[in-house]
Amino acid sequence: MKALPTPSGTETGAVTIYDVAARAGVGIATVSRAMRGSAPVAEATRARVLAAVEELGFRPSHAGTSLAARTHAANGIVFPDLSGPYFAEVLLGYEEAASRLGRSVLVLATHGRPDADAAVRDLAGRVDGLVVLGRTVPDETIAALGDVPVVVVARPVLAGVDSIRADNLTAARTLGEHLAGHGVRRVAFLGSPEESPDVAERWRGVRDGLGAHGIEPTVTPCLFDEDSGTRVAAGLLAVRHRPDALVCANDEIALGAIVAAEEIGLRVGRDVAITGWDDVMAARHARPALTTVRQPMRALGSLAAEVLDERITGDRTTPRHELLTTDLVVRDSCGLHP
């Protein structure tokens, strides 16, 4: 949390709230909340603060506690984009957990912003902590936020910063091996690995799984929406030696690819296998139902809010890194069953 300038004459006697904060190893806002008995402060942190108050003989004035309590009671979350079911699920999980912890949420989408770095810095100044999803701003921007608590989600680990990620590699390898074991030879991956750390790991895992069987997939850039999936898949499936399987970076691309295949008379699950990633609700109810990889989208958001709160309240000062499991879900769109 950003340090407030040391006030003059806000405490009675020589001991200030800043002395208590230094002794307890927390911020002044945490000292204020602990003394007032207001949530959220972990019990261990509260006990440490009260012990420091007793040891130093601290007696707060009204002005000093008012200054220390000047927190935002809000968290920020930064998305690359707000469209699509994946982001909606992550945000829902985040808001539910933040509300339970007594915090409101400010949301920033960086897509289309020429001043994304400046917008993130501005948001950081208006919240108690920040969650950054994906490759929205450079590592240097996050590092420049100073002592504002930050949690990154679906992004490679950064030094000194908490992180929450889904395990893309394991399930992607399993998917590649599953397809190879059922006879596919020409596989196209639809997605843009250079645009997303998650997609880069999915591409790597699928390539490793197929490569173990002597199959070298191709990669075709594609945006993460259904219309792009339809357009890109139509081009790939229109050629004489079309792919046996389309492995899509998310479910929206895959649902669009199903439309493209059906429009040219191909039977999905028989003439061509199509797979997705995320396991959104539409994937389960598509016809044919979509083979995909289920990732805990809502848990990514809720855990991010909880991890961030640990930093804000001073309950933890060392980075925490969580890797959530994902699972291959085989349905009819690949026509292959275990």
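Every number in this text was worked out from the coordinates using simple rules, so none of it is lab data. Given the structure is predicted, the values throughout are model-derived calculations rather than measurements. Cβ coordinates were reconstructed from backbone atoms using ideal geometry, including for glycine residues, and neighbour counts include every protein chain displayed.
Along the Cα→Cβ direction, 7 angstrom out, place labels at residue 100 and residue 240. What is the inter-label distance in nm?
For the pair residue 100/residue 240, the computed spacing is 5.9 nm.
Given labels modelled 7 Å from the Cα in the Cβ direction, how far is it in nm from residue 43 to residue 318?
Placing both labels 7 Å beyond Cα along the Cβ direction yields 2.2 nm.
For the chain, what proportion of DSSP beta bridges, expressed in % and rounded to the nearest 5, is antiparallel?
10
Applying a 10 Å radius around every beta-carbon, put 111-122, 127-138 in order of their mean neighbour count, most first.
Details: 111-122: 13.7, 127-138: 23.0.
Descending mean neighbour count gives 127-138, 111-122.
When a/c is below 1.5 the answer is rounded, else prolate if a/b is larger than b/c, else oblate, so apply that to the stretch 145-234 with a ≥ b ≥ c taken from the square roots of the Cα gyration tensor eigenvalues. Walk me through the numbers on the way to the answer.
Numbers: a/c = 3.36, a/b = 1.72, b/c = 1.95.
Note, shape of the stretch 145-234 comes out oblate.
Mind checking the full-extension length gain between residue 212 and residue 143? Use 0.36 nm per residue of separation minus the Cα-Cα distance, one decimal, nm.
Computed gain between residue 212 and residue 143 is 20.9 nm.
Packing-wise, with mean Cβ within 10 Å as the measure, how do 168-178, 239-249, 99-109 rank, highest first?
168-178, 239-249, 99-109
I'd like to compare 189-195, 267-273: which one has the highest average count of other Cβ atoms within 10 Å, and what's the full order after that? Could you put the intermediate results ahead of the total?
Values: 189-195: 21.1, 267-273: 18.6.
In decreasing order of mean packing, 189-195, 267-273 become 189-195, 267-273.
Along the Cα→Cβ direction, 7 angstrom out, place labels at residue 113 and residue 19. What is the inter-label distance in nm?
So the two model labels end up 4.2 nm from each other.
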